[in-house]
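In what follows, a structure is listed as structure tokens, so that the remarks can point back to it.
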Amino acid sequence: MKPHPPADAQHPLECRMEGAHPQIAGGPTAIRFQLTNRMEQPLWLLRWNTPFEGWRGTILAVSYQGQDLRYQGPMVKRGDPVAGDYLRLRAGESQIIGLDLSQGYDMSKPGLYTVKVTGGVQDVIQDGTQPPRPRDRFQPVELTCNELTLDVKKGTEVKVNY
């Protein structure tokens, strides 16, 4: 992965994305999503609407040759979270997850796709208290991630070496 430009020194999370290769139109379109705790103490992150929960909302914006693509995955309405809805990151720890963009977006045409993170983590607990906490006490954190450009090829354009 290329180094991610450091965010504001007070920002608790570093975010990175990278594409897996090859990217084939109509097939899985895999990316890796990584969050790193930049703080000197553990954090609790609410998984809701992040890649760590799976496809449940639109934290990503995907466009095809400049045209925004509509998210086609599930959307969820919720009450208050439970402890299991949170992910713990120790000081300096990273969590990485793979995503298949074709599960939430139409990635069937060859060409250039752009992927951006447009949201953030709905609740980040930085003060050492244990999750969960009610929605009216959430402390959201916006994410600043690298923008990703994916060159998706036709299946016949991809050479596989054995």
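Test residue 47 against the stated conditions and say whether it is free of Cβ contacts under 8 Å to residues at least 60 places away in the same chain and under 19 Å from residue 125 (Cβ atoms). Even if it seems obvious, please write down each step before you answer.
Details: free of Cβ contacts under 8 Å to residues at least 60 places away in the same chain: yes; under 19 Å from residue 125 (Cβ atoms): yes.
Answer is yes for this residue.
Looking at the stretch 8-19, which of the residues that are open to solvent by 20 Å² or more (accessible area, probe 1.4 Å) and under 15 Å from residue 126 (Cβ atoms) is modelled with the lowest pLDDT?
8
Within the set of pairs 6+ apart or on separate chains, which have a first residue in the stretch 63-85 that is more than 20 Å from residue 150 (Cα to Cα) and of a type in the set (A, V, I, L, M, F, W, C), a second that is open to solvent by 40 Å² or more (accessible area, probe 1.4 Å) and not in a strand (DSSP E or B), and C-beta atoms under 6 Å apart?
76/56; 82/132; 83/132
Considering only residues that are assigned to a helix (DSSP H, G or I) and of a type outside the set (D, E, K, R), look in the stretch 48-86 and name the one that is surrounded by the most Cβ atoms within 10 Å (Cβ to Cβ). Break it down into steps so the answer makes sense when it comes.
Taking the stretch 48-86 as the starting set, the residues that turn out to be assigned to a helix (DSSP H, G or I) are 51-53, 83-85.
Adding the requirement that they be of a type outside the set (D, E, K, R) leaves 51-52, 83-84.
On the way: 51: 22, 52: 18, 83: 9, 84: 9.
Among residues in the stretch 48-86 that are assigned to a helix (DSSP H, G or I) and of a type outside the set (D, E, K, R), the one surrounded by the most Cβ atoms within 10 Å (Cβ to Cβ) is 51.
Select from the stretch 115-125 the residues that are assigned to a strand (DSSP E or B) and over 10 Å from residue 60 (Cα atoms) and write down the one among them that is nearest to the chain's Cα centre (by Cα). Write out each step before concluding.
Step one: list which residues in the stretch 115-125 are assigned to a strand (DSSP E or B), which gives 115-117, 120-121, 124-125.
Those still in the list that are over 10 Å from residue 60 (Cα atoms) too: 121, 124-125.
Numbers: 121: 10, 124: 15, 125: 19 Å.
Here the answer is 121.
The values are calculated or read from the model by the stated rules, or taken from the named source; none is laboratory data. Just so you know, these numbers come straight off a predicted model, no measurement behind them. Cβ atoms come from the backbone with ideal geometry, glycine included; neighbour counts cover every protein chain shown. With ligands, DNA and RNA removed, areas are computed over all heavy atoms of the protein, side chains included. Shrake-Rupley method; radii C 1.70, N 1.55, O 1.52, S 1.80 Å.
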